[in-house]
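Below is one structure; the comments refer to it alone.
The values are calculated or read from the model by the stated rules, or taken from the named source; none is laboratory data. Worth saying up front: this structure is predicted, and the values here are computed from it rather than measured. Glycine gets a Cβ as well: all are built from the backbone with ideal geometry, and neighbour counts include every protein chain shown. Accessible surface areas use protein heavy atoms only, side chains included; no ligands, DNA or RNA. Shrake-Rupley method; radii C 1.70, N 1.55, O 1.52, S 1.80 Å.
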Amino acid sequence: MSNGIAKIVDGNAVAWAPLHDGNRCVTFFGAQPVPDPLPEGYVRSDTFQAAWSAGQQKRSEVDVWWKTTLAEGYVVTSIGVEIGWSEVDRQVVSQGIALLNESLMLGLIAPTDPIPGWVDRHGEPIVVAGADPTAAQLKLLALEMGQAFQSQRGLWLAYRAAIAAGNVSFVVGEPLLEEGA
């Protein structure tokens, strides 16, 4: 049990006050007992420095996880092929899919036409059932890749919001649990 309460604004401790008479913090809650659970924006902490450091450390941990996720990529399994894509790959593939869409709209290729030359992040050719993927399969792959990116980005944003609210107790890389769950 901590001997004080810190007020958190945008993930940073901005004030700290000691507990009195066991479970009272006159500075933040007047003569009332400290609410359990604490309202958003407050955390239990032994010192101001400990609360401030916890927020900074968790923010750094989240940012390292996000940069690593973007660099290493995420695995998508559409078209029966497991492929890891990094953020750079995602941007390149997006440009390639834009060209593919234009070619389809102009009638230069059909959805069932095989499209050679696509490689995964390790430079290995993408092969589906022993053949080059079709235009339709590549579009499906790009769609799933975008969904995987948005899912990871949503988690990163949720982590940042949790830190801003004073929650630093979550495990980075795992979904956030809802209050009361």
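Remarks
- FRET efficiency estimate (nearest 0.05) - Cβ-Cβ, Ser169 to Thr27, R0 22 angstrom: 0.45
- Restricted to Cα atoms, segment 3-54 shows a radius of gyration and a Dmax of 10.1, 29 angstrom.
- Note on Ala17 and Arg153: their simple-model spin labels are 4.1 nm apart, each label 7 Å out from Cα toward Cβ.
- Computed over protein heavy atoms with a 1.4 Å probe, the accessible surface of the chain works out to 58 Å² per residue.
- Between Gln95 and Leu143, residue separation times 0.36 nm minus the direct Cα-Cα distance comes to 16.0 nm.
- The distance linking segment 5-74 with segment 123-177 is 29 Å (Cα centroid to Cα centroid, whole angstrom).
- Taking every DSSP helix (H) stretch of at least 4 residues in the chain, weighting each as -39,500 (n - 2.57) and dividing the sum by the residue count yields a mean residue ellipticity at 222 nm of -15000 deg cm²/dmol.
- Sorting the segments 3-9, 63-69 by their mean number of nearby beta carbons within 10 angstrom, highest to lowest, gives 3-9, 63-69.
- Heavy-atom accessible surface of the chain: percent carbon and sulfur, 1.4 Å: 56
- Proximal lysines to Lys67, defined as alpha-carbon separation beneath 24 angstrom and excluding residues fewer than eight positions away on the same chain: Lys58
- Gain in span if fully extended, Asp120 to Asn3, counting 0.36 nm per residue against the direct Cα distance: 36.8 nm
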